[in-house]
Amino acid sequence: MKAQVTFLPHGKQIEVRPGTTILAASRKARVQIRTRCGGKAGCLMCKVIVDDSACTGLAPMNQNERLKLGELAEQGYRLACQAQITGDVHATVPEDPLKAAVRRQLERQREEDDL
C-alpha cells in the first residue's frame, strides 16, 4: 500500500511507502525543505504545516518532536524529519525566510517606483 503526499504551494505529489518521513518524501519529489541537522530534529528548520486537523495521514508525534515544536504543534506544524507518513497527507512548506525577505523588499521597491 502506498500513501500520496502533496506538497503545497508547489502542487507536487508523490507516492511513498508508509513509514517514510515527510523530509524523505520531499527529497524524492524534489521539493526543497531546509535542514541543517541532517534529519535529527536538532535545527527545527524543517517545519511544515500539515493540512489535516486530525493528522490521519501521519503517525502521532513522538515526544522529541512535541517538545521541540511546543505550541507550534497545536497550530498544525510538524517536523518533516520526524513526521512519518501513514496515509495520504498534504504538507505546506513555508516560504524560505531569506526568499521572503527579498520578495518583500522587491514588492516595496515596485510600490515606490509606481508612485
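None of the figures in this text is laboratory data; all of them are computed from the coordinates on show. Small disclaimer: the values here were computed from a predicted structure and weren't measured. Positions of Cβ are generated from backbone atoms using ideal geometry, with glycine treated the same way; all protein chains shown enter the neighbour counts.
Suppose only helical runs count, i.e. DSSP H with n ≥ 4. What mean residue ellipticity at 222 nm does that imply for the chain under -39500 (n - 2.57) per run, divided by all residues and rounded to the nearest 500 deg cm²/dmol?
Details: 3 runs with 33 residues, N = 115.
The helix-only estimate for the chain comes to -8500 deg cm²/dmol at 222 nm.
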Please list 3J(HN,Hα) in residue order for region 72-82, calculated via the Karplus relation 6.51 cos²θ - 1.76 cosθ + 1.60 where θ = phi - 60°; whole Hz, with x for glycine and proline. 4, 4, 6, 9, x, 7, 9, 8, 4, 6, 10
If you place +1 on the Cβ of every Lys and Arg, -1 on the Cβ of every Asp and Glu, and leave all else neutral, what size is the dipole of the chain about its Cα centre, to the nearest 20 Debye? 700
Within region 1-56, trypsin sites (Lys or Arg not before Pro) in DSSP loop having at most 15 other beta-carbon neighbours inside 10 Å: Lys2, Arg30, Arg34, Arg36, Lys40
Checking the cross-link filter: which lysines have an alpha carbon closer than 22 Å to that of Lys99, excluding same-chain neighbours under 8 positions apart? Lys12, Lys47
Work out the length of the dipole vector of region 1-69 about its Cα centre, built from +1 on the beta-carbon of each Lys and Arg and -1 on the beta-carbon of each Asp and Glu, and round it to the nearest 20 debye. 360
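Going by how many other beta carbons lie within 10 Å of each one, how would you line up Val31, Val48, Val102, fewest first? Don't jump to the answer; show the numbers that get you there.
Details: Val31 21, Val48 25, Val102 11.
With the sparsest Cβ surroundings first, the list reads Val102, Val31, Val48.
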Around Gln82 (Cβ within 13 Å, Cβ-to-Cβ, excluding Gln82; K/R +1, D/E -1) the net charge comes to +4
Taking the Cβ of each residue in Met1, Met45, Met61 as the centre, tally the other Cβ atoms inside 10 Å and list the residues starting with the fewest. Met1, Met45, Met61
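What percent do you get for the relative contact order of region 3-114 when only Cα pairs under 8 Å and 6+ apart count?
Details: 178 pairs, mean separation 39.0, N = 112.
It rounds to 35 percent for region 3-114.
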